[in-house]
Amino acid sequence: MVTFGIGAARLIGLLYVALGVWCTADPRGVAQRVGFTLDSDSGVSEFVTVYGGLEVGLGVALLLTSFAPSLQAGGLVFGAIFSVALPLFRFATVLKLDVGRGVYGLFAVEILLALLLAVPAWHAWQQ
C-alpha cells in the first residue's frame, strides 16, 4: 500500500506543479474558471502567490519526498494532511453557499486525491 502511495504522491505532485504553473501563467483565466475575478494587480499578485506558488511548492515537496526513502512516510503524511483539508473546507462551503456545478467537480477530485494519499499515509504511519 505504501508503494502505491509513493506512486500517487508522484502523480499528485506533478498535478500540483502543473496547476501552479497554469495559475501563474494565466491567473485571470484560471480565477474566472473557479468563479471569481481578479480586478486589480494586487489581486493577481495574491492569486499567483497562493494558487501558483503554494501549489508548486506542495507539488515539489511531494515529488522530492517521494524519491527519498527516508522521507517517503513523512511526505505521504504531509501530503495527506493538506489533501484532506481541502475537501473538508470545500464541504463546509458547499453546505452553506450556492455554488456552481464546477465546484462539485473540484470537490469530487479533492476527495479522490485525499483518499489516494490518506490511505497509504495511514499504512506508512502504522509501520
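The values are calculated or read from the model by the stated rules, or taken from the named source; none is laboratory data. Note that the structure is a prediction, hence the values are computed from the model and not measured. Here Cβ is always computed from backbone atoms with ideal geometry, including for glycine, and neighbour counts include all displayed protein chains.
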Answer yes or no: is there a residue in the stretch 44-53 that is in contact (Cβ under 8 Å) with a residue 24 or more places away in the chain, of a type outside the set (A, V, I, L, M, F, W, C) and within 28 Å of A124 (Cβ to Cβ).
-> yes
Within the stretch 1-28, work out how many residues are aromatic (F, W, Y) and surrounded by 14 or more Cβ atoms within 10 Å (Cβ to Cβ).
-> 2
Among the residues of the stretch 12-28, is there at least one that is in contact with a Phe, Trp or Tyr (Cβ under 7 Å, 6 or more places away or on another chain) and modelled with pLDDT under 95?
-> no
Members of the stretch 65-90 that are more than 11 Å from A118 (Cα to Cα) and hydroxyl-bearing (S, T, Y) = T65, S66, S70
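When only residues in the stretch 84-98 that are touching a Leu at 6+ places or on another chain (Cβ under 9 Å) and hydrophobic (A, V, I, L, M, F, W, C) count, which is farthest from P120 (Cα to Cα)?
Selected residue: L86.
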Pairs, first without any contact (Cβ under 8 Å) to a residue 24 or more places away in the chain in the stretch 12-35, second aliphatic (A, V, I, L, M), C-beta under 8 Å, six or more apart | W22/V30; R28/L38; R28/V44; A31/L38
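Quick check: is even one residue across the stretch 11-18 among the aromatic types (F, W, Y) and part of a helix (DSSP H, G or I)?
yes
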